[in-house]
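Q: A single structure is presented below for examination.
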Amino acid sequence: MTVRQHGAAAGPRSRLLVRVAVLMLLTLTAGIGLAGPAAAHNVLIGSDPADGATLQSAPTTVKLTFDQPVQNFQPVVTVIGPDGQRYESGSPQIDSTVVSTGVNALPVAGAYTIAYRIVSADGHPVQGEVHFSLADGAVAGSGSSSAGGSGDPAATASAAVSAGSGDPTGPGATGPTTAAAAPVASSALSGWVWAAIAVAAMLVAAAIVVILRRPGERE
């Protein structure tokens with residue numbers, strides 16, 4: 001009789017464990033499905049010139065390399081000098097994951113800002129900046145800037161990118177988001193998703209412990 005009672009108690013307990021395991025699997029599957037789209041925005045993984053580099057010769061082109069192919073939809077790349085002038089030349093060119101543009105002669109030594117705005121593989125706009133410096137001895141030629149201006153180069157770069165094109169996500173949009181906003185939002189959302197998965201897994205584990213420790217039916 002005692003053996004039968006223990007066997008009867010083990011049956012419902014086993015079924016509960018199976019249900020809990022299925023619930024955990026469904027929770028993890030849903031979390032992974034949400035985390036995938038959240039991290040789908042393009043991310044800049046390299047540039048030429050490299051971010052923070054000090055150059056001994058002025059570049060004639062700049063290249064931005066992303067982790068996924070870039071959509072050919074009104075890309076914007078500007079090169080802003082320490083004098084507030086713009087030095088990019090021509091329209092940006094897209095070759096799969098690489099966006100490049102020509103650079104006019106750089107007559108001023110100092111800090112330069114490459115500001116970009118592209119449409120990522122998932123259709124969302126992505127913005128950001130890359131910074132490099134031109135050494136004193138590297139100044140060459142008189143150069144002809146593509147636009148006038150003065151003041152803070154970073155502010156000028158942001159304004160130039162914002163004025164370059166409208167938000168491609170739909171009519172009536174007011175313009176692009178702030179620099180690098182899309183990757184930051186993506187990272188934050190992905191973090192919340194994984195935090196929710198971790199909490200759910202902890203709750204399921206606690207439920208399993210409670211079920212296993214629950215005393216069986218009286219003999």
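The values are calculated or read from the model by the stated rules, or taken from the named source; none is laboratory data. Being a predicted model, the structure only gives us computed values, none of them experimental. A quick note on method: Cβ atoms are made from the backbone with ideal geometry, for glycine too, and the neighbour counts reach across all protein chains shown.
Q: Could you please give the count of residues in the range 48-89 that are of a type in the set (Phe, Trp, Tyr), part of a strand (DSSP E or B) and at pLDDT 95 or above?
A: 1
Q: Which members of the range 99-120 meet the condition of being among the aliphatic types (A, V, I, L, M) and without any contact (Cβ under 8 Å) to a residue 40 or more places away in the chain?
A: Within the range 99-120, Val99, Val108, Ala109 meet the criteria.
Q: Before we move on, is Arg117 over 21 Å from Leu134 (Cβ atoms) and at pLDDT 95 or above?
A: Here the answer is yes, as Arg117 does meet what is asked.
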